[in-house]
Amino acid sequence: MASLNVGNLGEFLREQRRNAQLSLRQLADAAGVSNPYLSQIERGLRKPSADILQQLAKALRISAETLYVQAGILDERKVDGVEVHTAILTDPALTEKQKQVLLQIYESFRKENGHESGRGESGGATAQETAPDAREADGDPHAT
C-alpha cells in the first residue's frame, strides 16, 4: 500500500499559495474548503481527496495532475515534451504557422529552463518539416 507523502504535498501547496500571493483564507475560500482544513493539509496533518486537490489546483491555477503527483496519487510521467509536440501538431484548430510559433516558443522556454529539446535526436518531425509551405500559405514574401 503506497502511503501519501502529505508533508511534501503541504509544503508544495504552501509554496504555490505564496507564489500566487494568496493568504490561507483566500485560497480556502477560492477552493471551497475551510480555513482550518487547508491549514492542516499544508502542515501535513491531513490527506486531501482527489476532489479537494482538484479544487485547490483550480484555485491556484495549476494542473490537478501536478498536485496528484505531489500527493503520490499519480506517478510522475517522463514524457519530455513529446505529448506537447503531438498535441500542437495534431490540433486542427491551429494553422500551420501558429503550430510553428507555438513549438518555437515551447522549445525556447524548455531551453531557457535547462531542459533538452523534446525532439532531440529521437527523429521527431518539427512543424517546419511537416509544413514547409506554411510561410508561402501565409503570404510571406521571403518564402522560398
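The values are calculated or read from the model by the stated rules, or taken from the named source; none is laboratory data. Computed from a predicted model, the values in this text were never measured in an experiment. Cβ atoms come from the backbone with ideal geometry, glycine included; neighbour counts cover every protein chain shown. These accessible areas exclude ligands, DNA and RNA; they are computed on the full protein's heavy atoms, side chains included. Shrake-Rupley method; radii C 1.70, N 1.55, O 1.52, S 1.80 Å.
A few notes on this one:
- Filter pass, A20 being aliphatic (A, V, I, L, M), open to solvent by 30 Å² or more (accessible area, probe 1.4 Å) and at pLDDT 90 or above: yes
- Residue check for V84: modelled with pLDDT under 85, closer than 20 Å to A20 by Cα, buried (at least 16 other Cβ atoms within 10 Å of the Cβ) and within 16 Å of the chain's Cα centre (by Cα): no
- For region 96-122, the candidate set comprises residues that are open to solvent by 80 Å² or more (accessible area, probe 1.4 Å) and either aromatic (F, W, Y) or at pLDDT below 65 (or both); within that set, the residue that is nearest to E65 (Cα to Cα) is F109.
- Residue identified as over 28 Å from N8 (Cα atoms), modelled with pLDDT under 85 and of a type in the set (A, V, I, L, M) among A93, A125: A125
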